[in-house]
Every structure is written in C-alpha cells, then in structure tokens.
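J.: Shown below is the structure under consideration.
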Amino acid sequence: MLTGKKILLGITGGIAAYKSAYLVRLLTKAGAEVRVLMSDAAKQFVQPLTFATLTGNPVFTEFFNPENGEWHSHVKLSLWADLYVVAPATANSIAKMAHGIADNLLLTTCLSARCPIMIAPAMDLDMYSNVATQQNLSTLRSRGFLIAEAGEGLLASGLSGKGRMAEPEEIFTEVNNYFNAAQTLSGRKILITAGPTREKIDPVRFITNYSTGKMGYAIAEELAQRGAEILLVSGPVQVTAHNQRITVIPVTTAEEMYRQCVALFPTCDGAIMSAAVADFTPETASSSKIKKTSDEMTLRLVPTKDIAAELGKLKNANQVFAGFALETDDEMQNAKKKLQSKNFDFIVLNSLKDKGAGFGYDTNKVTIVSRQKGAVDYELKSKALVAKDIADQIEEEFSQKTV
Ligand code: CTP
C-alpha cells in the first residue's frame, strides 16, 4: 500500500505518455497522492485534463499560470514529494537531467529535488543503445537515480528492440518496492569497504587501480534499504551514497582503510570487503616532486596490510563476513583459497574474462561461493540487482548464525 505517500509524476514527450494514465490509476488506487508535471511535448500526446481528472489535482506545465500569474514553485513541488517519478523519460530529457539542464518546470524540479528520482526510459532502440544515452543513464545511476529498466518489444517506430517504457505495473512495483522494502536487516550494522585506494609516490603521483566503487555503493544502498545501518569506508570515487542510513567514511590509502576497518569492525554485525585495496605501496613517499634525473627509475614497493585477512582473525561467531575475488585465471580455485585464508563466510567471484563484469561497468556477472552452499552462478545483470543477490546471501548467513 502507498497510503499517504506523495508522488510527483513527470511526463515527458513520448508515445508511452498514454501509459502514464494507467500508472496514475495504480498509484492512486494504492492510496498515494499524485501530482503531475508535463513537458510541452508530453501535452502533444495526452491532454493535461486526463491527468488532472485522474489525480484530482491541477497539472503543472508552466512556471506560472498565464491567466493570473500564479507562480508554480519547483522548489515547493519537490519538497512536497516523497518520490519523483519521471515516466516516460525521453532520451532528450535524460540527457538534460544528466547535464543539469533546467529548461522547463519538469526538469527544474529534477534539479532542485531533495527526494529520490525514479526514471522510466522510453525511446527507440537506436537512441537507447546510443553511447550518449547509455553514458547519461550511467551518470544518473551513479548519482542515485532509480531506473525502471526499459523493456524489449515492438516500438512506436515499427522496429523491435530495447527501449519500450517499462509497463505501468512494473513501474508501480518498483515504486512499491522503494516504499515498502521489508526491513529484514533492521538493527544490523554492517561495515562495507568500497572503491580503490591511492598509494602516494610523491605530491603529484600515486598508484591506484580501475575500481569505481559502483558495486560497493550498490550493496550499501541495498542493505540500507533493507533497514541496516551502513558504515561505508570508501576510497576516492565519483559515486555518492543516498540512503540516510549510510555513513561514508572517506579514506585514501590502504593504511587508512585498514585503521578505520580494524577500529569499526568490532562494533558491527558484519562486513563486506568490496574495495580494491592496493597490495603494494611505495616504501617511502617523496615529499617533493621526483625529477626526471636519469633514463631509468626504480620504485621500491612494500606490501600493504591485508584488511580482510585481519578482520577474518578478529571475526566472532555471530558476525557475517564476506569478500570479493576479482580474478583473471583459475578463478574458482583462487576464490576458494581466499574464502579459507581470509575466513569469509562467502566470497563473490567475478572474472575479468566475463564480458560486462568488473571495474567501471554498470553490470556484473558473479558467482557466490559460500561455505554453506558451495558455488552458485548468477546471470549478467545490473550492479543494483547483483547487490540484491548479495543482500539475500547476507540475510541467509545471518539466519544461519542465529540457529
Ligand atoms: N582485500 C583487503 N585488503 C587487502 C587486499 C584485499 O581487504 N590489502 C580484500 C578485498 O577487498 C577482497 C579480498 O580481500 O574482498 C580479495 O581481494 P583480492 O585483491 O582479490 O585478493 P588479494 O588477497 O589481494 O590476492 P591477489 O591480489 O593475489 O589475487
């Protein structure tokens, strides 16, 4: 049920706009109060009167009412809403959202929104698969936008492929999931490491890796949505955390990450080590820029501390402890070795040989290797969905600890 929930629905100019009428119906029937914003192009597809009638509220399309000058405040609208759903979201509006363009009331409200924003992309298959659109979606995802994935099928152009707006029932389910996620991890405090570390060579150079932190942040969001309190010890990343139950503890080096984790882990019910920690660090960091004095240069590296191995030693019988293994060769053998040597309850294996898996992608393909069940393979899916599989495994591990 969505009783008392305030939902702002933004409708941009695509033929799927007619389906938004069904979405309004589903939302209002479930008890939500809905207010609608339309772009000029959307009005070419469906009359505002349709939405005004269905919601019982006036539809906002302009910054002010031309008849009496009444100002439609985008700030007030976004403060009013618990969730802002933009469905359909055209390629053009998605591009504008990704770049902070605010040239109509609907987009201005996106830019000033304090509430979460969910978008339902709808466009032709070539526009959808275009690198520009995919990058814009990726940008929005990394800023915490929720995305009701486009479906495959017949498109308005007569072509068939991916780009159809998710069906109103599917968007409704996503909205419901957002508000009514079962608080199955309420009362649990979980430490997560994410992102790369940077090991300083001199004031202008460091050693790092390709990790973006997307997977760790997706896990943090999912666990927080299930009610857990999250301590997210994060290396330098571009992604941001959105759920208020997530506390980000920014660190730079492996040593800083180690210190934070060792101090925090005993206060937690579990930990997930998703950071790509540098295994080596320069023996000494130069305080001034190293000059090019000869043709060759030797950098002496020493090992960093293995954070996971240390927490594995500190772990008590009630704590759930999980790690990652990113491998290129002998994947399963290496993952099983790390499961044992770091005392994990389960390890999430991703192979760099799998297309779409690993650093930087929005997707991942994992195998979860647990002491309980052995290896279970999952399909290639978005990191947000992989995070759900990992969260399910965390819940299962907690249930085993308490029997
Ligand atoms: N890990 C860690 N601290 C380190 C190195 C790794 O906490 N100094 C954690 C990672 O976050 C991950 C797991 O250990 O959960 C495995 O990391 P990985 O880099 O795959 O393994 P390594 O132990 O570094 O072994 P190798 O580099 O030889 O594969």
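The values are calculated or read from the model by the stated rules, or taken from the named source; none is laboratory data. Owing to the predicted nature of the structure, the values given are computational and were not obtained by experimental measurement. Cβ coordinates were reconstructed from backbone atoms using ideal geometry, including for glycine residues, and neighbour counts include every protein chain displayed. These area figures cover heavy atoms from the full protein model, side chains too; ligands, DNA and RNA do not enter into them. Shrake-Rupley method; radii C 1.70, N 1.55, O 1.52, S 1.80 Å.
J.: According to a simple spin-label model (label point 7 Å from Cα along Cα-to-Cβ), what is the distance in nm between TYR378 and VAL204?
T.: 4.3 nm
J.: Then there is this: With +1 on each Lys and Arg Cβ and -1 on each Asp and Glu Cβ, and nothing else charged, work out how big the dipole of region 189-401 is about its Cα centre, in Debye to the nearest 20.
T.: Approximately 320 debye in magnitude.
J.: Using R₀ = 45 Å, calculate the FRET efficiency as 1/(1 + (r/R₀)^6) where r is the Cβ-Cβ separation of ALA102 and GLU296; round to 0.05.
T.: 0.25
J.: In Å², what does the accessible area per residue of region 189-401 work out to with a 1.4 Å probe?
T.: I get 49 Å² per residue for this part.
J.: May I pose another question? Give me, ordered by chain and number, the residues 5 or more places off VAL36 or on other chains with an amide H under 5 Å from its own placed amide H.
T.: LEU9, PHE60
J.: To continue, here is another question. Give a quick list of chymotrypsin sites (Phe, Trp or Tyr not before Pro) in region 207-268 that DSSP marks as loop, anything other than H, G, I, E or B, with at most 12 other Cβ atoms within 10 Å.
T.: TYR210
J.: To make sure I understand the rule: partners must be lysines, Cα under 25 Å from the Cα of LYS76, and not fewer than 8 residues away in the same chain. Which ones qualify?
T.: LYS5, LYS6, LYS29, LYS43, LYS96
J.: To continue, here is another question. Would any residue of region 225-247 have its amide N under 19 Å from a label point 7 Å out along Cα→Cβ of LYS401? List them or say none.
T.: It comes to 225-233, 246-247, nothing else.
J.: Name the shape class, rounded, prolate or oblate, that the alpha-carbon gyration tensor gives for region 313-365, where a ≥ b ≥ c are the square roots of its eigenvalues, rounded holds for a/c under 1.5, and otherwise prolate holds if a/b is larger than b/c and oblate otherwise.
T.: Judged from the Cα gyration tensor, region 313-365 comes out oblate (a/c at least 1.5, b/c at or above a/b).
J.: Roughly what would the spin-label model give for GLU62 and TYR18, points 7 Å off Cα along C-beta, in nm?
T.: Modelled inter-label distance: 2.8 nm.
J.: Report, to the nearest 10°, how far helix 17-29 tilts away from the longest principal axis of the Cα atoms in the chain, using its own Cα long axis and a range of 0 to 90°.
T.: Long axis of 17-29 versus the principal axis of the chain: about 80 degrees.
J.: What are the ³J(HN,Hα) couplings of region 307-320, residue after residue, when phi is run through the Karplus curve with 6.51, -1.76, 1.60 and θ = phi - 60°? Round to Hz, x for glycine and proline.
T.: Rounded to whole hertz, the list is 5, 4, 4, 5, 5, x, 6, 6, 4, 9, 5, 8, 7, 8.
J.: Then there's this: Once you have the Cα-Cα distance between LYS289 and THR50, take 0.36 nm times their residue separation minus that, and quote the gain in nm to one decimal.
T.: Computed gain between LYS289 and THR50 is 79.5 nm.
J.: With a 10 Å cut-off between alpha carbons and a GNM built on the chain, which of THR55, THR267, THR12 moves the most?
T.: THR267
J.: In the chain, what % of DSSP beta bridges are antiparallel (nearest 5)?
T.: Percentage antiparallel, nearest 5: 35.
J.: A follow-up question, please. Calculate how steeply helix 131-142 sits against the longest principal axis of the alpha-carbon atoms of the chain, using the helix alpha-carbon long axis, and give the answer as 0 to 90 degrees to the nearest 10.
T.: With both axes taken from Cα atoms, the answer is about 70 degrees.
J.: If you count only protein heavy atoms and use a 1.4 Å probe, how large is the accessible surface of LEU9, to the nearest 10 Å²?
T.: So the heavy atoms of LEU9 present about 0 Å² to solvent.
J.: Within 10 Å of each candidate Cβ there may be at most 14 other Cβ atoms; applying that plus a DSSP loop requirement, which trypsin sites (Lys or Arg not before Pro) in region 35-136 survive?
T.: Filter output for region 35-136: ARG114.
J.: Considering only PRO58, PRO196, PRO121, give the residue with the highest GNM mean-square fluctuation for the chain, with springs between Cα atoms whenever their separation is below 10 Å.
T.: Among PRO58, PRO196, PRO121, the largest mean-square fluctuation in the Gaussian network model of the chain belongs to PRO58.
J.: Given charges of +1 on the Cβ of Lys and Arg and -1 on the Cβ of Asp and Glu, with all other atoms neutral, how large is the dipole of the chain about its Cα centre, in debye to the nearest 20?
T.: Taking the Cα centre of the chain as origin, the dipole is about 660 debye.
J.: Follow-up. Nearest 10 degrees is fine. How inclined is helix 254-264 to the longest principal axis of the chain, computing both from alpha carbons?
T.: Tilt relative to the chain: about 80 degrees.
J.: Which one, MET332, MET215, MET38, has the greatest fluctuation when you compute a Gaussian network model over the chain with C-alpha springs under 10 angstrom?
T.: MET332
J.: Students sometimes get this wrong: rank LEU79, LEU49 by accessible area, probe 1.4 Å, all chains present, largest first.
T.: Of LEU79, LEU49, the descending order of accessible area is LEU49, LEU79.
J.: Here's a follow-up. Considering all alpha-carbon pairs of the chain, what whole percent are spaced by more than 36 angstrom?
T.: Counting pairs separated by more than 36 Å, the tail of P(r) holds 34 percent.
J.: Let me ask something else. Extension gain ASP82-ASN316, at 0.36 nm per residue separation less the Cα-Cα distance, in nm?
T.: 80.3 nm
J.: I'd like the antiparallel share, as a percent to the nearest 5, of DSSP beta bridges with both residues in region 189-401.
T.: If I count the DSSP bridges inside region 189-401, around 40 percent turn out antiparallel.
J.: Need one word for region 1-112: rounded, prolate or oblate. Basis is the Cα gyration tensor (sqrt eigenvalues a ≥ b ≥ c); a/c below 1.5 gives rounded, then a/b vs b/c decides.
T.: rounded
J.: Still on this structure, I have one more. Tell me which of PRO203, HIS242, SER382 sits at the most positive position along the dipole axis of region 189-401, charges placed on C-beta atoms (Lys, Arg +1; Asp, Glu -1).
T.: Of the listed residues, the answer is PRO203.
J.: Then there's this: Give me the distance in nm between label points sitting 7 Å out from Cα along the Cα-to-Cβ direction at PHE280 and ALA41, one decimal.
T.: 5.2 nm
J.: Sticking with this structure for a sec: Where does each of TRP71, TRP80 land when they are ordered by accessible area, with a 1.4 Å probe and the largest first?
T.: Greatest to least solvent exposure: TRP71, TRP80.
J.: Step through the residues of region 212-221 one at a time and calculate ³J(HN,Hα) from phi using the Karplus curve (6.51 cos²θ - 1.76 cosθ + 1.60, θ = phi - 60°), rounding each to whole Hz and writing x for Gly and Pro.
T.: With coefficients 6.51, -1.76 and 1.60, one gets 10, x, 4, 5, x, 5, 5, 5, 4, 4 Hz.
J.: Starting from the Cα-Cα distance between GLN340 and GLN134, subtract it from 0.36 nm times their residue separation and give me the gain in nm to one decimal.
T.: Working it through step by step, the gained length comes to 70.3 nm.
J.: On the accessible surface of region 218-363, probed at 1.4 Å, how many percent belong to carbon and sulfur atoms?
T.: 48 percent
J.: Let me ask another. Could you give each residue of region 222-229 its phi-based ³J(HN,Hα) in whole Hz, using Karplus coefficients 6.51, -1.76, 1.60 with θ = phi - 60°, and x for Gly or Pro?
T.: Those phi angles translate into 5, 5, 5, 5, 8, x, 6, 8 Hz.
J.: For region 292-386, which GluC sites (Glu not before Pro) are in a loop by DSSP, counting at most 10 other Cβ atoms within 10 Å?
T.: Those that pass, being in a loop and sparsely packed, are GLU296, GLU379.
J.: Among all the lysines, which ones have a C-alpha under 20 Å from LYS336's C-alpha, if same-chain residues fewer than 8 places away are not counted?
T.: Qualifying lysines at Cα under 20 Å: LYS313, LYS315, LYS353, LYS365, LYS373.
J.: Determine the shape class of region 113-153: with a ≥ b ≥ c the square roots of the Cα gyration tensor eigenvalues, call it rounded for a/c under 1.5, and otherwise prolate if a/b is greater than b/c, oblate otherwise.
T.: oblate
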